[in-house]
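The values are calculated or read from the model by the stated rules, or taken from the named source; none is laboratory data. This is a predicted model, so every value here is computed, not measured. Virtual Cβ from ideal backbone geometry, glycine too; neighbours counted across all protein chains shown. Protein only, heavy atoms only, side chains kept; ligands, DNA and RNA dropped before computing areas. Shrake-Rupley method; radii C 1.70, N 1.55, O 1.52, S 1.80 Å.
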Amino acid sequence: NKSAYDFFQALKTFYVGCVIFIDIYFFGTITHPFMFVYLYTAFFMAHVVTRLYDNNNSYKEVENLNANLEKTVAERTNELLQANRVLSELSERDFLTGAYNRLYFENVFERTAADFDPQKDSVHLCIFDLDNFKKINDTYGHAVGDKQLKMLVQLAGEIIDSSTVLARIGGEEFILLFRGASSDNALA
């Protein structure tokens, strides 16, 4: 633990001070000069042990910091991926109704037209709007008009299949792109 380690470091420092004091005080008077070699060797060994302990603790601390950093990076990456999904959705969808927006429709239409083979493909378009929509907004307010637009998209979404693209291209104007549907199915 930290307090025992600090105590050991202080004891080691005190030990070195004592050895140096004894060495200087008795210099030349001791009959066994190797005693100081033993004392300094003991200090050196204790110092090596504490340095290894320090290095081990530093390594563990770096490992912990690295693990925390990796966790933080993973969390931030996940947050960015979610934000990108939201941005992608916002770039393709009309914010009010949830139908695809005009830009998305134009991109899909261009790809569909580029890949179109009249011998085997079927493509139909249906453009429609809500009659007297301005009167609804003027009489009942925009909140009611917005509700009508949302209901229209919800109802259309219930009757079209996944290959059909429903897009809002203007205020109350919508377009359906039927890919692969027969004329009868598109008309229905």
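List the pairs whose first member sits in region 80-92 and is farther than 19 Å from F109 by Cα, whose second member is open to solvent by 90 Å² or more (accessible area, probe 1.4 Å) and part of a helix (DSSP H, G or I), and whose Cβ atoms are under 8 Å apart, counting only residues at least 6 apart or on separate chains?
Listed pairs, sorted by first residue: none to list.
Quick check on region 56-111: of everything there that is among the small types (G, A, S) and in contact with a Phe, Trp or Tyr (Cβ under 8 Å, 6 or more places away or on another chain), which residue is farthest from L149 (Cα to Cα)?
Only one residue fits best here, namely S91.
Based on what the data block shows, is R93 basic (K, R), open to solvent by 100 Å² or more (accessible area, probe 1.4 Å) and over 17 Å from A181 (Cβ atoms)?
no
Find the residue count for region 23-57, including only residues that are open to solvent by less than 70 Å² (accessible area, probe 1.4 Å), β-branched (V, I, T) and at pLDDT 70 or above.
Going through region 23-57 one residue at a time, the tally reaches 3.
For K12, are the conditions met, namely being surrounded by 12 or more Cβ atoms within 10 Å (Cβ to Cβ), basic (K, R) and at pLDDT below 75?
yes
Restricting attention to region 138-176, which residues are of a type in the set (S, T, N, Q), under 27 Å from S91 (Cβ atoms) and modelled with pLDDT of 90 or more?
Within region 138-176, Q148, Q154, T164 qualify.
Return yes when E89 is more than 29 Å from A186 (Cβ to Cβ), within 28 Å of the chain's Cα centre (by Cα) and part of a helix (DSSP H, G or I) and no when it is not.
no
Consider S163 against the criteria (1) under 14 Å from Y100 (Cβ atoms); (2) surrounded by 14 or more Cβ atoms within 10 Å (Cβ to Cβ): it satisfies all of them except one. Which criterion is unmet?
Only one criterion in (1) under 14 Å from Y100 (Cβ atoms); (2) surrounded by 14 or more Cβ atoms within 10 Å (Cβ to Cβ) is unmet by S163, namely (2).
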